[in-house]
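Each remark here refers to the structure printed beneath this line.
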Amino acid sequence: MQQENVQLRMESDENSFLQGVKDCVPTLLGYLSIGFAAGVVGHTSGLSVLEITLMSILIYAGSAQFIIAGMVAAQGSIAAIVFTVFIVNLRHLLLSAALSPYFRHLTAFKTMMIGTLLTDETFGVAINRAANTKALSESWMNGLNITAYLNWILATMAGAFLGQWITNPERFGLDFALSAMFIGLLVLQLLGRQKLFRDLVVVVSAVIIVVGASMVTSGSMAVIIATVSAATIGVLIERWK
């Protein structure tokens, strides 16, 4: 009886808010560097510290914030900025759809709140955890999401404030920081799985499709097409084997 109580307590701890915070720690360094870079790039494009902070609070999307900074610097129209950000962030539909089966035990409102703070990085952590369970804990996911969210805001604020002393972000490679983190996350996921052949086929397929699709459509749409197509190929290979 005592052993069962200990096991239940351990399972409860693994699904707690605090455990979600702990599981977010490995991604925090990436958030700090990317957030700082986003703040610096935003500042050099002419945005104020307040505007950059509000972007982080309301938009909360690294790729979108880099794009906004670039389009503001190029004096793009508001309509063009809004439409571009919408297209770029369409991938969140795919991320949310992939995780939604693990939150069927929650109400629609709670699921929506979790999806609101979902990012590429927290999705990566959550989907790896989901591989060993049929449902994810709401408390654990909130701990993961909220930790990442607050860290992102602080990082972009720091970059915006200190950006006044960094006039050329490209000189330090800050414009490549977002791409570098995504590459790192992909490599870590591939190394942590036991399905290397299928993963490599999916990756190669995604690269070929995105290059081909980008020749006939926009880069953002090409990414979405490649993601859906490569994921379908992965599913077909899994069922065929």
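What to note about this one:
- Within the range 118-138, being closer than 27 Å to residue 63 by Cβ and either aromatic (Phe, Trp, Tyr) or assigned to a loop (DSSP other than H, G, I, E, B) (or both) holds for 118, 119, 123, 131, 136.
- Selection status of residue 141, within 27 Å of residue 26 (Cα to Cα), touching a helix residue (DSSP H, G or I) at 6+ places or on another chain (Cβ under 6 Å), assigned by TED's automatic domain parsing to the domain that holds residue 56 and at pLDDT below 85: no
- Any chance residue 119 is closer than 24 Å to residue 29 by Cβ, in contact (Cβ under 8 Å) with a residue 12 or more places away in the chain and either β-branched (Val, Ile, Thr) or not assigned by TED's automatic domain parsing to the domain that holds residue 28 (or both): yes
- Residue 220 modelled with pLDDT of 75 or more and closer than 24 Å to residue 96 by Cβ: no
- Checking each residue in the range 88-147 for being in contact with a Phe, Trp or Tyr (Cβ under 6 Å, 6 or more places away or on another chain), within 29 Å of residue 221 (Cβ to Cβ) and hydroxyl-bearing (Ser, Thr, Tyr) picks out only 111.
- If you go through the range 16-32 and pick out every residue that is surrounded by fewer than 19 Cβ atoms within 10 Å (Cβ to Cβ) and either under 14 Å from the mean Cα position of the chain (by Cα) or of a type outside the set (Ser, Thr, Tyr) (or both), you end up with 10.
- Search result, residues across the range 217-241 that are of a type in the set (Val, Ile, Thr) and over 18 Å from residue 90 (Cβ atoms): 233, 235, 237
- The residues listed here are 209, 237; of these, the one that is at pLDDT 60 or above, more than 19 Å from residue 98 (Cα to Cα), in a helix (DSSP H, G or I) and not aromatic (Phe, Trp, Tyr) is 209.
- The range 103-128, subset among the aliphatic types (A, V, I, L, M) and over 30 Å from residue 47 (Cβ atoms), residue surrounded by the most Cβ atoms within 10 Å (Cβ to Cβ): 126
The values are calculated or read from the model by the stated rules, or taken from the named source; none is laboratory data. No experiment lies behind these values; they were computed from the predicted model shown. Cβ coordinates were reconstructed from backbone atoms using ideal geometry, including for glycine residues, and neighbour counts include every protein chain displayed.
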